Amino acid sequence: MKPFFFSHDSNASSDPKIIQMCSVYSAQGYGWYWMIVEMMREQKDYKLLISGKSAVNALAKRMYCDRNSTRKFASWLAMRLHCGRNMIKIFASWLEDCINVFHLFRRDGDYVWSESLVKRMKQMESKSENARQSAMARWAKDADSIDSHSEIKTENANAMRSQCERTENKTKQNKTKQINNNNNKTLSSEPPKTTDSDPCPYDAILKLFNETCKSLPKVKVLSNSRKDKLRRRWKDIGSIDGFLGLFTVTEETAFLRGENKNGWTATFDWLIENDRNYAKVLEGNYNSQQVNWEDM
């Protein structure tokens, strides 16, 4: 049977009505009281049925009364149900006093109940219903939010894809132009910008990398060498959105996260080292495990 719950004051034994009852029936009466309350909690409307001979005998036996007390209890209830018997002792006397003297229970023709228990249970039911309604409202709101977020996420993904395509085309054009202009010059020989108005947002790019590429080593120091390379990549890529697209593809590529036979992991320095590495990332060259390590 599923266990039921009801609130129970930790100082119930200090209740004036309980104290009066215990002064007459001692701890045995206190035990009977909570057994009856627990039985009431199990019933519909929290009321204990006492009409009918079978209900009478079952109730007496659950109180662990002996055979003689069972007969007395049955006789007492039978008399009060107009069955013609006249015997009131032990449990029967206790129950009657709980109803008429100590006012711990109430009774009508068919049921016995505790006003305190009924009140507590109604309050608990009200709180449960309010919590259920709040949860349903929250779930409905979350569902709407998820739908809206999915639409926004799809739009962002499409925008990022377009940005990556634009970046790829621009990269190819810049690469061709560099080859023609610089012949076979290495990238390390490119002079860094020395003008006072440097448009490259170094700190923003580093923060974006650390927040997006969570699987790669974090960048903590912005050295002059990194500034020089970032300045060149900024000239190639041209926008924060372009770097976001690059870092997002990097994080989503398993090979670059170290899931390869050599356990190699891409780094921030590798991405900005030259105009070849990041272009290959955007072009999807590392989407397969079959990568030519000579090209790394």
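The values are calculated or read from the model by the stated rules, or taken from the named source; none is laboratory data. Since we're looking at a predicted model, the values are computed, not measured. Ideal geometry is used to build each Cβ from the backbone, glycine not excepted, and the neighbour counts take in all protein chains shown.
Within the stretch 262-292, the set of residues being under 35 Å from the mean Cα position of the chain (by Cα), farther than 25 Å from CYS200 by Cα and of a type in the set (A, V, I, L, M, F, W, C) is empty. Listed by position, the helices (runs of 4 or more DSSP H) inside the stretch 4-110 whose residues that are within 45 Å of the chain's Cα centre (by Cα), modelled with pLDDT under 85 and surrounded by 16 or more Cβ atoms within 10 Å (Cβ to Cβ) number at least 1 are 16-42, 53-62. Listed by position, the helices (runs of 4 or more DSSP H) inside the stretch 172-261 whose residues that are under 33 Å from the mean Cα position of the chain (by Cα) and modelled with pLDDT of 90 or more number at least 1 are 202-212, 240-252.
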